[in-house]
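Chemist: Here it is, the structure, as structure tokens.
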Amino acid sequence: MSILVNKDSRIVVQGFTGREGSFHATHMIEYGTNIVAGVTPGKGGLKHLERPVFNTVEEAVKNEGADVSVVFVPAPFAADAVLEAATAGVKVIVCITEGIPTLDMVKVKHYLKTTDSRMIGPNCPGVITPGESKVGIMPGKIHKKGHVGVISRSGTLTYEAVYQISNLGLGQSTAVGIGGDPIIGSNFIDILKLFARDDETQAVVMIGEIGGTAEEDAARYIKENFDKPVVSFISGQTAPPGRRMGHAGAIISGGKGTASEKIKVLKDNGIHVADTPADIGITVKRIIES
Amino acid sequence: MKVHEYQAKQVFKNYNIPIPEGAVTENIDEVTKIVELVGFPCVIKAQVYAGGRGKAGGVKIAKNLKEAKSAAKEIIGMKLISKQTGPEGRRVRKVLVEQGVEIKKELYLAIIVDREKEMPVIIASPEGGMEIEEVAAKNPELIYKVHIHPVIGFSGFHFRKLVFQLGLNKGQQKNFARLLKNLFKLFLEMDASLVEINPLIITGNDEVIALDGKIDFDNNALFRHSNIADMRDIYEEDPLEVEASKYDLNYIKLDGTIGCMVNGAGLAMATMDIIKYYGGEPANFLDVGGGTSEDRVKEAFKILLSDSKVKTVFVNIFGGIVRTDLVARGIVNALKGSNTKIPIIIRLVGTNEEAGRKIIRDSGVNFIVENNLPDAAKKAVELSRGT
């Protein structure tokens, strides 16, 4: 088992024929991801990367049974693309696009609550179940099938953690990049709930960063409801307050959301916190083996 | 994106939110013209992005022309140092000259997006004119919040709740309601991430006026508001940060000695953290981004090396989308022709790492290649001390 995506997932790529969409769809196909269709409005009826192209997500669902979508549509149109996928009944919508306006996400988030769709991202590397399905832009090669679930707000820092875990002979059940924006489709707790039910997952690595209180909320949830061991790392311990560190999410204000506050709450709730980003893998290994 | 108080107030005016009469100028002689229009007493306010201007001497009241001119003379060109500017302060280039307004009551009013509830929230307090963080810490019961669900938008009960909590009388209620409705409209239509009025004042005639104004706009939404991007004042930003933004590089200058170049915001912050963990100080945050091109890497490097405090550079690249060989070529090209003596530690991992490392090895430049993260960080710290 795994969460969110597996070898049977039927993936539709939104923004399929664009530069980003084509590039990453090619890599996903090489990895073995089951891409069944693409959507680019106005290009319906064409074939691209040997897959059918449709004008709408609805057609891709009807004709090819797509149940997972990955969105590469540019930021001004990305919220619309996610709403389209949700309306078409796609179960898992992975939005890679960076730079979606916050108020667009407010609308998307509240609409999604009225549907059965689950959104991952935006502004994230995507979701990968190693050896089965890569739905996103992460380098497939560094991943390895295994029993560590990974949830992260960051992109490249996730790769760093995955790389360490793989090099130590452990692997990942599923790695989920939830994205660094202020409003995201799924938060740590949403994904922890999925890992809790997944027999393949023995331990979870949770990578957070400064800003917001998602890590603190997750820490309290873990203490009350989550039985598997969790290892965490919070980036941004040295970030000066009030400055935006790339991610819209990585901003500290009003004394809330600092790394030290997060680390304290995580530790108080029984979560193992790695001292440096280089210690994430080894901390997981130690905990799994003990 | 931040804007000046006078720009925020111009936006308020467009949305029929009452503001004091006034105008902005860089020129002391023009102050005479402006005070003719606004009368006395008037207020001269420094226009810089930082808060805490009053305590820093950037806001002065004048009762006559002589006082107004001398206040403007003092403020224009001053180095304003407040809690928010840091010790280096900010040079004041413009002043806002405004009519003095009779104040009966000072309120606080703001709108932001609440990340936890994932919707806009209106925040109001009867304790205006003070630092709101202090009010929130000492008297949290005096901070009133109303969340606005995107499905219903701004509705009558929202403002009723606030006006009764704020204890406003009939006349004040009417004016407050109109202002709040317009402010919320502004917030949505202009894609603000923060609007704040502190203080929002009530006059003897029950008028409600925005005595101060702050707006932050959502950078992600600038594509649909060309008029907002025009308000950007690059004089308020660090010159190196302005240069970086031209190349879409995410750069923030800090005070340390180790220049960092990393791809991805999370890894960039984590790299700063590990430097600090081993006792060093990062000179900057620099995220070269995901789809990094050779040119951008080259520019990034130039910016790093132009910071005179930098004693050593630490390049930490985890190639996912970005190919490490492209980064390597960018670095080598950036250093061609430069005779920098600054030691450069490079860690290249991920996509095409072998090709990338080969380019570095064959470059003839004396790079220090270290692919183990803690060892690379330790090395950078050691070299930054010049030992």
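The values are calculated or read from the model by the stated rules, or taken from the named source; none is laboratory data. Owing to the predicted nature of the structure, the values given are computational and were not obtained by experimental measurement. Cβ coordinates were reconstructed from backbone atoms using ideal geometry, including for glycine residues, and neighbour counts include every protein chain displayed. Heavy atoms of the whole protein, side chains included, go into the accessibility calculation; ligands, DNA and RNA do not. Shrake-Rupley method; radii C 1.70, N 1.55, O 1.52, S 1.80 Å.
Chemist: Could you check the range B:250-279 and list, in sequence order, the residues that are more than 10 Å from chain A (Cβ to nearest Cβ) and part of a loop (DSSP other than H, G, I, E, B)?
Modeler: Correct list: B:Thr257, B:Gly279.
Chemist: Do we have B:Phe159 as part of a loop (DSSP other than H, G, I, E, B), away from chain A (no Cβ under 12 Å), of a type in the set (Phe, Trp, Tyr) and in contact with a helix residue (DSSP H, G or I) (Cβ under 8 Å, 6 or more places away or on another chain) here? Quick ask: steps written out before the conclusion?
Modeler: Working: part of a loop (DSSP other than H, G, I, E, B): no; away from chain A (no Cβ under 12 Å): yes; of a type in the set (Phe, Trp, Tyr): yes; in contact with a helix residue (DSSP H, G or I) (Cβ under 8 Å, 6 or more places away or on another chain): yes.
No; evaluated as a whole, the condition is false for this residue.
Chemist: Consider only pairs whose beta carbons are under 6 Å apart and that are at least six residues apart or on different chains; among these, list those whose first residue lies in the range A:95-110 and is more than 7 Å from chain B (Cβ to nearest Cβ) and whose second residue is open to solvent by less than 20 Å² (accessible area, probe 1.4 Å) and assigned to a helix (DSSP H, G or I).
Modeler: Sorted first by the residue in the range A:95-110, then by its partner, the pairs are A:Cys95/A:Val82; A:Thr97/A:Ala75; A:Thr97/A:Ala78; A:Asp104/A:Ala79; A:Val108/A:Ala79; A:Val108/A:Val82.
Chemist: Identify, from the list B:Lys185, B:Lys214, the residue that is in contact (Cβ under 8 Å) with a residue 60 or more places away in the chain and buried (at least 17 other Cβ atoms within 10 Å of the Cβ).
Modeler: Among B:Lys185, B:Lys214, only B:Lys214 is in contact (Cβ under 8 Å) with a residue 60 or more places away in the chain and buried (at least 17 other Cβ atoms within 10 Å of the Cβ).
Chemist: For the range A:159-181, state whether one or more residues are aliphatic (A, V, I, L, M), open to solvent by 10 Å² or more (accessible area, probe 1.4 Å), away from every other protein chain (no Cβ under 12 Å) and in a loop (DSSP other than H, G, I, E, B).
Modeler: yes
Chemist: Scan the range B:46-71 residue by residue and report those that are in contact with a Lys or Arg (Cβ under 7 Å, 6 or more places away or on another chain) and part of a strand (DSSP E or B).
Modeler: The answer is B:Ala46, B:Val59.
Chemist: Counting only residues that are over 13 Å from the mean Cα position of the chain (by Cα) and within 14 Å of chain A (Cβ to nearest Cβ), how many does the range B:199-228 have?
Modeler: Going through the range B:199-228, the residues over 13 Å from the mean Cα position of the chain (by Cα) turn out to be B:199-213, B:220-228.
In the following step, the residues that additionally are within 14 Å of chain A (Cβ to nearest Cβ) were identified as B:220-226, B:228.
Matching residues across the range B:199-228 total 8.
Chemist: Examine the range B:331-350 for a residue that is within 14 Å of another protein chain (Cβ to nearest Cβ), over 33 Å from the mean Cα position of the chain (by Cα) and among the polar types (S, T, N, Q), and state whether such a residue exists.
Modeler: No: the range B:331-350 contains no residue that is within 14 Å of another protein chain (Cβ to nearest Cβ), over 33 Å from the mean Cα position of the chain (by Cα) and among the polar types (S, T, N, Q).
Per-residue answers, yes or no, for (1) aliphatic (A, V, I, L, M); (2) free of Cβ contacts under 8 Å to residues at least 24 places away in the same chain; (3) surrounded by fewer than 20 Cβ atoms within 10 Å (Cβ to Cβ):
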position	(1), (2), (3)
B:Glu30	no, yes, yes
B:Val43	yes, no, no
B:Gln47	no, no, no
B:Gly77	no, yes, yes
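Chemist: Pick from B:Ile122, B:Ile132: which is away from chain A (no Cβ under 14 Å) and closer than 16 Å to B:Lys214 by Cβ?
Modeler: When all the criteria are applied, what remains is B:Ile122.
Chemist: Additional query: Right, B:Ile274: in contact (Cβ under 8 Å) with a residue 24 or more places away in the chain, farther than 25 Å from A:Asn123 by Cα and either of a type outside the set (Lys, Arg) or open to solvent by less than 40 Å² (accessible area, probe 1.4 Å) (or both) or not?
Modeler: Judged against the criteria, B:Ile274 is not a match.
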